[in-house]
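Below you'll find the structure, written out as structure tokens, and then a few comments.
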Amino acid sequence: MIDSTIPPKLRDAISRELDSGERVEWSGMPRPTFFNVASTGSFLFAIPWTAFAIFWTAMASQGAANVEEGDGMFILFPLFGVPFILIGFGLLSAPIWTYRRSLRTAYAITDQRAITIDGGWSLTIRSYPPEKLKNIFRKERSDGSGDVIISHRAWRDSDGDPQTEQLGFLRIENAKDVERRLNELAEQAS
């Protein structure tokens with residue numbers, strides 16, 4: 001049975017993903033939060049970035065106001081700060097996007113596999129059959145909520161530095177119960 005607190009669009013996505021005869025044994029959503037490791041880092045970085053970009057643009061504007069008539073290029077100089085201000089505002093809004101993403105994400109455990117659905121402009125659906133659930137682990141908080149990590153995604157950023165992302169059921173209530181259910185499903189592969 002799909003949890004009734006999951007928004008209809010995500011419930012429909014889970015239903016469409018199910019094979020004939022497959023039944024949902026557990027479903028849920030991440031706990032909506034504004035701050036996680038990534039959004040907190042972006043937010044904290046954005047504070048001095050945005051402050052400096054605004055300061056620089058203001059000083060460039062003041063300098064451009066004092067330029068004589070023949071130096072037209074200097075009048076446009078403050079415009080170079082605008083993209084940096086916009087980037088700063090984007091980074092400052094990272095916690096809002098984190099919260100919104102939580103509201104568009106759903107998880108399901110069926111009698112045949114685990115499913116994660118990340119909504120947004122398009123749906124990203126990841127399906128984990130029992131044989132992919134062998135090395136899961138849990139990161140639990142003192143209130144019993146936490147993350148059940150199923151796999152990792154690795155890539156290189158634009159500078160060539162390695163990056164990783166943990167995939168699975170993130171920021172869920174009763175992480176221990178979800179881990180138990182996934183381990184039971186993984187035993188089917190044995």
For this session: State all residues of the range 93-118 that are more than 13 Å from GLY168 (Cα to Cα), surrounded by 19 or more Cβ atoms within 10 Å (Cβ to Cβ) and among the aliphatic types (A, V, I, L, M); if no residue qualifies, say none.
Result: ALA94
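Could you grab me the full set of residues in the range 138-150 that are touching a strand residue (DSSP E or B) at 6+ places or on another chain (Cβ under 7 Å) and more than 10 Å from LEU182 (Cα to Cα)? Let's see the steps before the verdict.
To start, the set of residues in the range 138-150 that are touching a strand residue (DSSP E or B) at 6+ places or on another chain (Cβ under 7 Å) comprises 138-140, 145-150.
Passing the criteria: ARG138, LYS139, GLU140, SER145, GLY146, ASP147, ILE149.
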For this session: Would you mind telling me which numbered condition in (1) exposed (fewer than 14 other Cβ atoms within 10 Å of the Cβ); (2) under 17 Å from ARG31 (Cα atoms); (3) within 19 Å of the chain's Cα centre (by Cα) TRP121 fails?
Result: (2)
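Considering only residues that are assigned to a strand (DSSP E or B) and of a type in the set (Ser, Thr, Tyr), look in the range 124-167 and name the one that is farthest from SER27 (Cα to Cα).
Top of the filtered list is THR164.
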Exercise. Can you pull out the residues in the range 23-45 that are surrounded by 13 or more Cβ atoms within 10 Å (Cβ to Cβ) and more than 22 Å from GLN166 (Cβ to Cβ)?
Worked result: VAL24, GLU25
For this session: Taking the options GLY144, GLY119, name whichever one is in contact (Cβ under 8 Å) with a residue 24 or more places away in the chain and on the phi > 0 side of the Ramachandran plot.
Result: GLY144
Exercise. Name the helices (runs of 4 or more DSSP H) wholly within the range 1-98 that hold at least 2 residues that are modelled with pLDDT under 95 and closer than 28 Å to GLY144 by Cβ?
Worked result: 8-17, 37-65
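The values are calculated or read from the model by the stated rules, or taken from the named source; none is laboratory data. Everything quoted here is computed from the prediction, not taken from an experiment. Quick reminder, even Gly has a Cβ in these numbers, built from the backbone with ideal geometry, and neighbours come from all protein chains shown.
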